[in-house]
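Presented below is the structure to which this report refers.
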Amino acid sequence: MKKIQLLVFGLLTNVFIIAQTDNGHFSGSFESYTQFYHKDDKIGAVVPQDKIGSNNFLKLDYNYKQFTAGLQFEAYLPAIQGFPFSENSGKLVNKYFRYTANNFSIQVGDFYEQFGSGLAFRAWENRQIGINNALEGANIHVAPLSFLTIKAIYGRQRKVFAYANSNVRGLDAEIDFSKTGKTTPETRVAAGFSYVSRYQLYTGPITDFPATVNATSTRLDIGGAVASASFEYVYKKRDPHDANNFDNTSGKAFLTNLSLATGNFGALLTFRTLENMDFRSERESLQSIGLMNYIPSLTKQHDYLTTNIYVYNAQAMGEIGGQVDLFYNAPKGTGPGGKFGSKFSLNFSSYSGHNDSEDLFSFGDNEYFHDLNFEWKKKWSEKFTTIFLYQNIFYNKLVIEGEPVPDVKTNTVVLNALIKYAKKKAARFELQHLATRQDKGNWAAALTEFSFAPKWTFYLSDLYNYGKTDTHYATIGGSYTNRGTRFGLSYGRQRAGLFCVGGVCRFVPAATGVTATLTTTFN
């Protein structure tokens, strides 16, 4: 470990010297997330032997004219509880070199990429949920014509500090029909095609087992000044592996997004149906390690303690559903708007299983999840703003979490008030209540936060389950921000359950202790 740290220090010193002498641009960031655990029998918190978990990321980039190089050092000392791996070491990862010209670029080393919506392929990073599915290899972008863009990838997928025992190849092409003429039309029309191939050696007894699995997708995007629409269809050949219980059928998915924005009104419609779309770089991989595609739960991402108790996790083995978003900004001086205006939003999402696994558009009777919510944001004066939220949830815990308990039905109300009582000083208060007769019963929550812009923030919150366990999940904390650096410190309880970022989830265990976070960026 000490040798690795000395090596990293030497590299950083050399890069910094080059950046200063050659007038290039040097930038970077550092992020640390550390938890200190202690025993808490009330919530069933299990303390690891080391009693500490710490995830650390150092990223450095150097750009000189058409050339860019970078690296990332990661240290898990050890990984925090709930991560899909339990590393206790550090390593230099994600090393890359990129050359960019007018209509051409090539990156060798570790890279991220996405084809279309990501349903067929996405290499990406999300540090909060423990995903880093970068490819090590080559990524080429070329635009031979003004209306044609082509991407080509070849590599092996990162697997924590190692690499998957497989090769990934892919090709993506997009034609922008709006650029084929001499003038640019008001409506943009583009079509794309993607091909992804994964090869992993198979030495088992089955003669027709697919060592190579191919996936293809076609898409169409139409965008205008007021409305837009996108459609994508993905087909994946049979891909038996551990995570899908060696299902020998093909996979398929269809996704559409429709949007409308006119005046003070906006609407979004998303529909997705899929079957057997768990696509991995290795047949033996489980959890989020080794995922090659991106399947988020297309539901509203809420910000409150009670509204995040029952969150949906997309079902890659089969689901059908979508969501509708309606927005209305009531102008100042109108009845609903009042003197300072109001904002209204209505959201509904619903997912269920298929009636027939062979029919991608069949709706089954087994409902997985729905979320109906209404939000009203009202500014009463220059210093006082409130938000009212109502939410109704249906949650199939057997499907989403694998726990054989009755379906959960909830009703939640939230009142959020923000008071700007002085220049650069504000106070925020929240009152929340979730009512349900299933699972752990009712929950109540409260939060008080004081901010002294731009540097200091302090808060105290409590999530209380009085329906069954009579347990408080109280937390006290604060943060200090100075330019590109932020340090946060908190102490309290962490509720066991799904933790989601961008619609992708991981399960976090119950924990009690101190949490420290540090993020900094520099240029």
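Neighbour counts of C-beta atoms inside 10 Å place 238, 486 in the sequence 238, 486, starting with the fewest. Full extension of the chain segment joining residue 47 with residue 175 gains 40.6 nm, where the gain is 0.36 nm per residue of separation less the Cα-Cα distance. In summary, the aspartates and glutamates within cross-link reach of residue 332, defined as a Cα separation below 14 angstrom excluding same-chain residues under 8 places away, comprise 382.
The magnitude of the dipole of segment 64-214, with charges of +1 and -1 set on the Cβ of Lys/Arg and Asp/Glu and taken from the Cα centre, is near 260 debye. The local environment of residue 174, defined by Cβ-Cβ distances under 15 Å, has a net charge of -1 under the rule Lys, Arg +1 and Asp, Glu -1.
Fewest neighbouring Cβ atoms within 10 Å first, the residues 50, 41, 407 line up as 41, 50, 407. Quick one: of 59/179; 95/151; 343/425; 42/440; 39/440; 379/468, which pairs are farther than 26 Å apart, Cα to Cα? With Cα atoms farther than 26 Å apart: 59/179; 379/468.
With R₀ set to 41 Å, the beta-carbon distance separating residue 65 from residue 212 gives a calculated FRET efficiency near 0.55.
Separation of segment 280-336 and segment 134-201, taken as the distance between their Cα centroids, equals 25 angstrom.
The string of couplings for segment 420-436 from the Karplus curve (6.51, -1.76, 1.60, θ = phi - 60°) is 9, 8, 7, 4, 6, 10, 8, 10, 10, 10, 10, 10, 9, 8, 10, 10, 7 Hz, one whole number per residue in order, with x for Gly and Pro. When the charge dipole of the chain is built from unit charges on Cβ atoms (+1 for Lys and Arg, -1 for Asp and Glu) and taken about the Cα centre, the candidate among 313, 43, 333 whose Cα reaches farthest toward its positive end is 333.
Loop-resident chymotrypsin sites (Phe, Trp or Tyr not before Pro) (DSSP state other than H, G, I, E or B) in segment 207-315 with no more than 14 further Cβ atoms inside 10 Å of their Cβ: 246. Were the residues from residue 361 through residue 308 laid out at 0.36 nm apart, the gain over their Cα-Cα distance would be 16.1 nm. Could you list the trypsin sites (Lys or Arg not before Pro) in segment 136-208 that lie in coil according to DSSP, counting only those with at most 16 other Cβ atoms within 10 Å of their Cβ? Counting only loop positions with at most 16 other Cβ atoms within 10 Å, the trypsin sites (Lys or Arg not before Pro) in segment 136-208 are 182.
No lab work stands behind these numbers, since they all come straight from the coordinates. Values in this document were obtained by computation on a predicted structure and should not be read as measured data. When we count neighbours, we look across all protein chains shown, and the Cβ atoms used for this are built from the backbone with ideal geometry, even at glycine.
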